[in-house]
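The values are calculated or read from the model by the stated rules, or taken from the named source; none is laboratory data. Being a predicted model, the structure only gives us computed values, none of them experimental. Cβ: placed from backbone, ideal geometry, glycine included. Neighbour counts: every protein chain shown.
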Amino acid sequence: LSTGKARAAGRAAPIGVFDSGVGGLSVLAALRALLPDEDYVYLGDTARLPYGTKSAQSVVRYSLQCAAALAARDIRCLVVACNTASACSLPALRERHPHLPVIGVIEPGAQAAVAASSSQRIAVIGTEGTIQGGAYQAAIARLQPGAKVRALACSLFVALAEEGWTEGEIPEAIARRYLGQLFGDARRAPDTLVLGCTHFPALLGPIRAVLPAATQIVDSAGTTAAAVRAQLTPSKAGAPGRLSLLATDGAARFARVGSRFLGETLSAERVELVDLHQSA
Ligand code: DGL
């Protein structure tokens, strides 16, 4: 549906959401739960996934291309539903699109962590790019200057989530190996873990299984949706919003793997392939 037609039908312009692939669909699910009347355009840059192992310069370039493709669809707000892209691209996106509200997932994730933690010992896991860039550590320190933050890249979790290996002994063994590094010393163990990658909520079961029972586990999806709601005048459509799905490669895989992240069955026919080189 073109924006012109959308406006003619009395609907507000859509909310644009992008991620390196399907992980951001978990953020989209939270957005749709909180703001069900809005229209959404979701773009997964599946041709270039993963972002988490790329340099910041490349991720900024990819993010600008994703934003340009969504801006061409006349969105009224941009949600960067990827921690890696949020960690390094927000200033460039805001400079390139000064009239578009741009909302990332790191600040909302940091808010969720600070609210959940009583000891202010907080652990953050994410991709290599997110953790090395230090964006979570900085965001938590801004909100709670005394907080002790320990951060670790857990790159294999992205592949496990994409593969659908989200239960059983293999993901649990990997979770134990990674998280033992953060929670191994019981006297100094964090009381809160931030899932700082949109893929990681898919692995909640194995992660919870290897952590001390009282550990709070938070992610950015709900708080990001709340941040979007705070920015926007709600659509008055009074009817369920529409969802357009775009990907840069592999419509069938996007639909198959993405269904798990969105919590709804998607068909490949619903996914439009786009070429971002024409949008930058
Ligand atoms: N969805 C990305 C994030 O939240 C992780 C996947 C990737 O490495 O592209 O950081």
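Here are the numbers:
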read-out	value
Qualifying position, being more than 9 Å from the ligand (Cβ to nearest atom), touching a residue at least 60 places away in the same chain (Cβ under 8 Å) and farther than 30 Å from Lys236 by Cβ, among Tyr62, Tyr51, Tyr42	Tyr62
From Ala147, Ala110, Ala141, residue being hydrophobic (A, V, I, L, M, F, W, C), away from the ligand (no atom under 11 Å from the Cβ) and touching a residue at least 60 places away in the same chain (Cβ under 8 Å)	Ala110
Matching entry among Ala71, Ala87, Ala116, Ala110 (being aliphatic (A, V, I, L, M) and closer than 22 Å to Pro14 by Cα)	Ala71
Filter result for Tyr136 (at pLDDT 95 or above, of a type in the set (Phe, Trp, Tyr) and surrounded by 24 or more Cβ atoms within 10 Å (Cβ to Cβ))	yes
Restricting region 116-133 to residues that are surrounded by fewer than 20 Cβ atoms within 10 Å (Cβ to Cβ) and in contact (Cβ under 8 Å) with a residue 40 or more places away in the chain, the residue that is nearest to Cys66 (Cα to Cα)	Glu128
Selected residue [modelled with pLDDT under 95 and under 23 Å from Glu128 (Cα atoms)] from Leu25, Leu1, Leu49	Leu49
Region 262-280: number of residues that are buried (at least 16 other Cβ atoms within 10 Å of the Cβ) and touching an Asp or Glu at 6+ places or on another chain (Cβ under 9 Å)	1
Region 90-115: number of residues that are surrounded by fewer than 20 Cβ atoms within 10 Å (Cβ to Cβ) and not in a helix (DSSP H, G or I)	5
Qualifying residue in region 4-12 (condition: crowded, with 21+ Cβ neighbours inside 10 Å and either away from the ligand (no atom under 16 Å from the Cβ) or among the basic types (Lys, Arg) (or both))	yes
Residues that are within 11 Å of the ligand (Cβ to nearest atom) and either surrounded by fewer than 24 Cβ atoms within 10 Å (Cβ to Cβ) or of a type outside the set (Ser, Thr, Tyr) (or both), drawn from region 77-89	Val80, Ala81, Cys82, Asn83, Ala85, Ala87, Cys88
Single residue of Arg187, Arg177, Arg150, Arg142 found to be closer than 30 Å to Leu70 by Cβ and surrounded by fewer than 21 Cβ atoms within 10 Å (Cβ to Cβ)	Arg142
Condition check for Ala68: more than 16 Å from the ligand (Cβ to nearest atom), more than 30 Å from Pro190 (Cα to Cα), assigned to a helix (DSSP H, G or I) and touching a residue at least 40 places away in the same chain (Cβ under 8 Å)	yes
Residues (under 18 Å from the mean Cα position of the chain (by Cα) and more than 20 Å from His99 (Cα to Cα)) located in region 208-224	Ile217, Val218, Asp219, Ser220, Ala221, Gly222, Thr223
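Here's the yes/no breakdown for (1) within 16 Å of the ligand (Cβ to nearest atom); (2) closer than 18 Å to Val257 by Cα; (3) not in a helix (DSSP H, G or I):
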| position | (1), (2), (3) |
| --- | --- |
| Pro201 | yes, yes, no |
| Pro206 | no, no, no |
| Ala209 | no, no, no |
| Ala214 | no, no, yes |
| Gly222 | yes, no, no |
| Ala225 | yes, no, no |
| Val228 | no, no, no |
| Ser235 | no, no, yes |
| Gly238 | no, no, yes |
